[in-house]
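Below is one structure, written out as structure tokens; comments come after it.
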Amino acid sequence: MSSPEIASLSWGQMKVKGCSTTYKDCKVWPGGSWTWDWRETGTNHSPGVQPADLEEVVKQGVKTVVIGRGMSEALQVPASTVDYLKKNGIDVLVLQTEKAVAEYNTLAAQGVRVGGVFHSTC
């Protein structure tokens, strides 16, 4: 299965190709996507993205994970989260969300087993 293209991004809204849901924050992986509900893991802008936020994506056998920190990069990504991915043999890119979506879509179009978590507001 290939990673789905992110079809559109605007403040507070993301659409994934082939999915009827409009997301505020989302997770994507080869063959699927899902709402990224921060309440499930107690995530906040600081300290930011937790390894638990990425487990669902990692389980899909991705080779690269792209993390979108928000339009104004308010969402933090602690070193422990990056280390978690690297220890699992996964390349990680941490970018402003618009840049993250562009990079994710480029990798997906190249056939890379890429996943991501994206914050579409601040």
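Average accessible surface for the chain: 49 Å² per residue, computed with a 1.4 Å probe over protein heavy atoms with every protein chain in place.
Counting 0.36 nm for each residue step from Cys122 to Asn44 and taking away their Cα separation leaves a gain of 26.9 nm.
When the trypsin sites (Lys or Arg not before Pro) in segment 1-96 are filtered for DSSP coil states and for at most 13 other beta-carbon atoms within 10 Å of their beta-carbon, the remaining sites are Lys17, Lys59, Lys63. For the chain, averaging the sequence separation of C-alpha pairs within contact (under 8 Å, six or more residues apart) and dividing by the residue count gives a relative contact order of 33 percent.
Compute the whole-percent fraction of alpha carbon pairs in the chain spaced more than 25 Å apart.
More than 25 Å apart: 10 percent of the Cα pairs in the chain.
Label zone of Ala52 (point 7 Å out along Cα→Cβ, amide N under 16 Å): in segment 18-43 this covers 36-43. Helical content alone sets the calculated 222 nm signal of the chain at -7000 deg cm²/dmol, taking -39,500 (n - 2.57) per DSSP H segment of four or more residues and averaging over every residue. Extending 7 Å from the Cα toward the beta-carbon at both Ser10 and Gln96 defines two label points whose distance is 2.0 nm. The loop-placed chymotrypsin sites (Phe, Trp or Tyr not before Pro) in segment 4-104, going by DSSP, that have at most 12 neighbouring Cβ atoms within 10 Å of their Cβ come out as Trp11.
Pop the C-beta distance of Lys86 and Thr21 into the FRET formula with R0 = 22 Å and round what comes out to the nearest 0.05. Present the calculation step by step, with values, prior to reporting the outcome.
Numbers: r = 31 Å, r/R0 = 1.39.
FRET efficiency, Lys86 to Thr21: 0.10.
The values are calculated or read from the model by the stated rules, or taken from the named source; none is laboratory data. The model shown is predicted, which means the values in this text are computed figures rather than measured ones. Heads up, the Cβs are rebuilt from the backbone with ideal geometry, glycines too, and the neighbour counts pull from every protein chain shown. Note: accessible area is taken over every heavy atom of the protein model, side chains too, but ligands, DNA and RNA are not part of it. Shrake-Rupley method; radii C 1.70, N 1.55, O 1.52, S 1.80 Å.
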